[in-house]
1. Using Stokes-Einstein with the Kirkwood hydrodynamic radius over Cα pairs, what translational diffusion coefficient do you get for region 1-151 at 25 °C and a viscosity of 0.890 mPa s, in µm²/s rounded to a whole number?
2. Projected onto the charge dipole of region 155-278 (+1 at Lys/Arg Cβ, -1 at Asp/Glu Cβ, origin at the Cα centre), which of Leu257, Thr206, Gly163 gives the Cα projection farthest towards the positive end?
3. Taking only protein heavy atoms into account and a 1.4 Å probe, give the accessible area per residue of the chain in Å².
4. Output the antiparallel fraction of DSSP beta bridges having both residues in region 165-301, as a percent to the nearest 5.
5. Tell me the relative contact order for region 71-179 as a rounded percent, counting alpha carbon contacts under 8 Å between residues six or more apart.
6. Cα centroid distance between region 384-439 and region 255-273, in Å?
7. Could you give the dipole magnitude of region 98-240 about its Cα centre, charging the beta-carbon of Lys and Arg +1 and that of Asp and Glu -1, in debye to the nearest 20?
8. Would you calculate the volume per residue, in Å³, of the smallest convex hull containing every Cα atom of region 101-257?
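The values are calculated or read from the model by the stated rules, or taken from the named source; none is laboratory data. Bear in mind the structure is a predicted one, so any value in this text is a computation, not a measurement. For neighbour counting, all protein chains shown are included, and Cβ atoms are generated from backbone atoms with ideal geometry for every residue, glycine included. Just so you know, the surface numbers come from the protein's heavy atoms only, side chains and all, with ligands and any DNA or RNA stripped out. Shrake-Rupley method; radii C 1.70, N 1.55, O 1.52, S 1.80 Å.
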Amino acid sequence: MHQVTIEHLTQDETIQAISTAELRDRLGDPQTTIVDVRPLAAYNGWRLRGERQGGHIPGAVAFPARWLTSVDDPEIERELTAKKIVPGREIVLYGDGPDDARALAGRLLENGHAQARIYEPGWAGWAADETLPLERLPNYDKLVHIEWLRELLDGGRPEAYSGSRFLLFHVNFGVPEEYEEGHLPGALYLNTNWLEDPENIWQRRTPAELEDAVRSLGITHDTTVIVYGRDTEGQANEKWPGRRAGQIAATRALAILRYAGVEDVRLLDGGYDWWVRDGYGLETEIRQPSPVANFGVSIPQRPDFILDIDDAKAILADREEAALVSVRTWKEHIGKVSGYNYIEPAGRIAGDVWGNCGTDAYHMQHYRTVDNTMRAYPEIAANWEEAGITADKWVAFYCGTGWRASETWFYAYLMGWDRIAVYDGGWFEWSKDPINNPIEIGEPQDEFAA
């Protein structure tokens with residue numbers, strides 16, 4: 001064992017290194033927290049530096065070093081505690097090499113971590129040995145990062161891209177002026193109302209209507225489609241607060257496009273906001289799609305991805321093998337509020353499982369990081385498991401009208417879960433008929449509530 005001096009600390013302060021053999025032996029040790037300080041895209045599986053393999057060391061938690069300069073101190077401390085990066089535990093840090101772990105190592109030493117150590121070879125060293133175990137997000141390539149999209153737009157052929165025709169869409173709910181104000185280069189505009197019906201409680205449109213919509217947008221079943229939104233601060237009591245929830249809107253579009261039969265639909269993690277934050281430019285040119293004559297397959301190709309009320313009731317009748325998951329706030333779940341200014345009844349579907357979301361119907365903090373990208377997937381899976389939501393079950397997500405449910409469906413899809421769906425009508429549909437659709441109000445007595 002040797003020591004790595006942390007340059008920005010005082011000369012007598014050092015942090016020890018850990019060998020590959022010892023780190024391998026510590027996998028699964030309940031007293032050790034392994035910390036991956038690389039960007040979350042790398043943690044998920046992207047080979048950002050051309051490594052032999054993508055992913056992360058088994059059991060590692062994600063704490064991107066970038067957070068130390070982009071996130072407020074109270075948030076940093078909450079994240080450190082939540083991820084068990086606390087004094088008294090053995091902490092092992094790794095990144096792309098020893099240097100990018102040093103900033104977090106210094107912070108931990110300041111916080112009293114006498115046990116912090118660095119794995120010097122970093123991810124490249126671990127990934128180079130194919131005998132060592134690793135983990136990754138099974139469908140990581142459907143959640144693309146900013147540099148991936150930049151390379152694609154520059155005419156390159158980024159990782160996990162076949163070279164097929166692609167389209168990029170700026171998605172929101174009925175605000176073309178947001179698109180006109182500025183959008184990512186080459187992006188077309190997609191209004192969610194073209195895919196869901198405001199006159200039918202915002203459920204997905206009919207197969208014929210969906211075919212008209214996708215053909216008019218120039219989408220065929222084998223087009224690679226990338227969607228993103230712009231998250232703008234808003235208030236839940238605005239007339240149409242959904243217009244502020246761009247990334248949720250993008251996942252709603254993504255879910256419906258997959259249901260229809262588009263084989264390769266991807267979400268830009270962080271969306272518009274991350275593109276701008278990373279210093280890339282926008283354009284104001286209003287681009288018009290080139291319609292196509294034929295989608296190429298019948299719609300829907302994946303009817304199992306979006307379910308109706310009879311399927312929701314079938315899931316409720318089989319709670320040992322299935323779960324209807326409420327992606328709603330705790331106040332919505334116990335019936336204090338409906339969550340929407342256009343839905344009057346409050347309560348929950350009797351027999352559902354609470355899956356949480358965020359502060360209101362237009363925010364998803366429970367599923368996102370402090371910088372508004374997808375939360376590390378093992379954390380999402382662990383929260384679900386604690387609530388009894390597991391990959392071996394038939395799982396359908398619901399919210400008010402399908403938006404938040406679509407975002408959580410997408411995360412389960414990224415994790416490779418087999419039997420997942422969105423209950424399209426959600427609370428809006430269910431609450432319209434309380435005689436035939438049982439409703440509960442108040443705190444549940446026998447389910448997870450955090």
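1. In µm²/s, the coefficient rounds to 156.
2. Gly163
3. Accessible area per residue: 41 Å².
4. Looking only at bridges with both residues in region 165-301, the antiparallel portion is about 25 percent.
5. 18
6. Using only Cα atoms, the two centres lie 18 Å from each other.
7. 240
8. Here the figure is 211 Å³ per residue.
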